[in-house]
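Take a look at the structure set out below.
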Amino acid sequence: MDHFEYQSGVLHAEAVSLPAIADAVGTPVYVYSRATLTRHARVFRDALAILPSVRIAFAVKSNPNLAVLKVLAAEGYGADVVSGGEMERALAAGMAPGSVVFSGVGKTTAEMARALQAGIGQFNLESLEEGLELAEIARGQGVVAPCVLRVNPDVDAGTHGKISTGKAENKFGVPFDRAAAIYARLAAEPGLAMRGLALHIGSQLSRLDPLEAAFTKIGGLMRAVRDAGHTITHMDLGGGIGVPYKAGELFPSPEDYAAMVARVTDGWGVTLMFEPGRVITGNTGVLLTRVIRVKEGAGHPWVVVDAAMNDLARPAMYDAWHDFGSVTPDGARMTANIVGPICESSDTFAMAREIDVVARGDLTVFRTAGAYGASMASTYNSRDMVPEVMVDGDRWAVVADRIVPATILAAERVPDFLR
Ligand code: LLP
């Protein structure tokens with residue numbers, strides 16, 4: 001459920017008409033609904049409340065906007081970060097350092113040192129090598145780093161290959177059959193406080209059974225690690241729950257997910273940690289764009305919009321579907337290809353799609369663009385960095401400025417040897 005609805009034939013975000021935002025800010029622009037964001041955060045949190053002890057770390061990569069993080073911080077969310085930049089954002093949004101989890105296979109020495117200084121709550125170690133380096137940095141600072149070990153459970157998440165992370169051939173975590181030995185080795189390091197295990201098998205999961213298989217597997221590993229004499233107090237079950245991108249698609253609800261987790265983790269006696277991204281932010285945003293022109297084609301007409309793959313990369317990268325519609329539909333329908341202005345064929349949002357009839361100058365939206373939309377934007381083809389707006393009832397504000405090519409150009413230099 002979201003708060004993007006038609007009122008008197010015009011698409012609104014909560015009580016604000018999208019044409020009003022387009023007039024003031026221009027297009028393309030991401031528009032977020034605060035009420036939708038808050039609702040999703042609460043539904044997920046409340047669903048997990050059936051579990052004994054829970055910490056939720058929002059996957060910042062899905063939507064790192066400061067205003068979004070601020071809303072989630074107020075809902076009691078911590079952050080799952082994968083870079084120094086994401087960590088600074090979480091802290092700037094007022095999230096307690098202790099509620100921040102640092103994931104990722106390539107944490108640099110500088111990032112780990114800064115995270116230790118900031119008092120980050122947990123490092124999700126992805127290798128023995130990384131753990132040994134962190135132990136040394138921690139000893140140097142005279143502190144102990146709270147850690148869990150990310151394990152690769154070798155489970156097929158059944159999602160797109162490019163966002164699958166829990167198969168043995170993926171780069172993430174340590175191999176399942178070596179995990180207990182690596183855990184023991186790291187637990188012997190005075191600079192580390194090993195306290196549990198972590199996994200994350202992939203994103204946009206449409207079924208619960210791969211997650212259940214992975215949780216069951218890591219539960220067995222937890223018992224083996226405990227049997228070897230180690231204490232486990234935290235288990236991080238990652239993120240990955242998918243959302244419907246097409247009207248009518250059915251996905252497991254947070255309640256279904258929580259019930260499955262409760263069943264599998266019964267008796268674990270740990271704090272369970274979660275790293276949801278898309279399920280929190282996916283539905284909270286649309287990408288508002290204007291039709292530049294409709295161009296005749298050999299087959300269906302080409303609807304050329306002013307958003308492109310640099311603004312919303314998911315269709316180009318993962319053949320992802322985003323529902324597309326007019327902001328002021330009149331009921332007529334047409335079949336068309338929807339593309340952006342960028343000079344490559346992957347700048348295609350949809351082919352042979354049945355859509356509202358649109359013409360030059362019309363405002364349109366791509367739906368379910370709140371996760372991995374703005375966060376993956378670039379300025380390819382020297383286009384603007386897409387701005388972001390947040391709506392709150394009948395109020396709205398620009399929460400990320402449009403960055404124009406001149407600003408980027410100003411950061412470039414012609415070296416002396418070319419003068
Ligand atoms: N935790 C870890 C360690 C992750 O790598 C990810 C996502 C998450 C949590 C959050 O997953 P979520 O709940 O959002 O599924 N750009 C792709 C998605 C990449 C996801 C990467 N990792 C897309 O647009 O579909």
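The values are calculated or read from the model by the stated rules, or taken from the named source; none is laboratory data. What you see is a predicted model; the values in this text were computed from it and never measured. So basically every Cβ, Gly included, is an ideal-geometry build from the backbone, and we count neighbours across all protein chains shown. Each accessible area value is taken on the protein alone, full model and side chains, heavy atoms only, with ligands, DNA and RNA left out. Shrake-Rupley method; radii C 1.70, N 1.55, O 1.52, S 1.80 Å.
Here are the numbers for this structure:
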quantity: So Asp330, is it of a type in the set (Asp, Glu), within 25 Å of His40 (Cβ to Cβ) and open to solvent by 20 Å² or more (accessible area, probe 1.4 Å); calculated: no
quantity: Qualifying residue in region 87-108 (condition: within 16 Å of the ligand (Cβ to nearest atom), open to solvent by 40 Å² or more (accessible area, probe 1.4 Å), touching a helix residue (DSSP H, G or I) at 6+ places or on another chain (Cβ under 7 Å) and outside any strand (DSSP E or B)); calculated: yes
quantity: Candidate set: region 220-248, residues that are of a type in the set (Ser, Thr, Tyr) and either open to solvent by 50 Å² or more (accessible area, probe 1.4 Å) or free of Cβ contacts under 8 Å to residues at least 40 places away in the same chain (or both); chosen: the one farthest from the ligand (Cβ to nearest atom); calculated: Thr231
quantity: Residues within region 25-55 that are within 27 Å of Gly78 (Cα to Cα) and part of a helix (DSSP H, G or I), tallied; calculated: 15
quantity: Any hit, region 8-24, residues being farther than 30 Å from Asp80 by Cα, assigned to a strand (DSSP E or B), of a type outside the set (A, V, I, L, M) and touching a helix residue (DSSP H, G or I) at 6+ places or on another chain (Cβ under 8 Å); calculated: yes
quantity: Output for region 311-327, where each listed residue is open to solvent by less than 40 Å² (accessible area, probe 1.4 Å), closer than 26 Å to Ile163 by Cα and outside any loop (DSSP other than H, G, I, E, B); calculated: Arg314, Pro315, Ala316, Tyr318, Phe324
quantity: Residue in region 156-163 that is open to solvent by less than 20 Å² (accessible area, probe 1.4 Å) and of a type in the set (Val, Ile, Thr) present; calculated: no
quantity: Residues of region 164-198 classified as buried (at least 19 other Cβ atoms within 10 Å of the Cβ) and either free of Cβ contacts under 8 Å to residues at least 40 places away in the same chain or within 12 Å of the ligand (Cβ to nearest atom) (or both), total; calculated: 6
quantity: Residue in region 262-285 that is open to solvent by 10 Å² or more (accessible area, probe 1.4 Å), among the polar types (S, T, N, Q), within 16 Å of the ligand (Cβ to nearest atom) and within 30 Å of Met385 (Cβ to Cβ) present; calculated: yes
quantity: Boolean, Ala308 is free of Cβ contacts under 8 Å to residues at least 24 places away in the same chain, in a loop (DSSP other than H, G, I, E, B) and hydrophobic (A, V, I, L, M, F, W, C); calculated: no
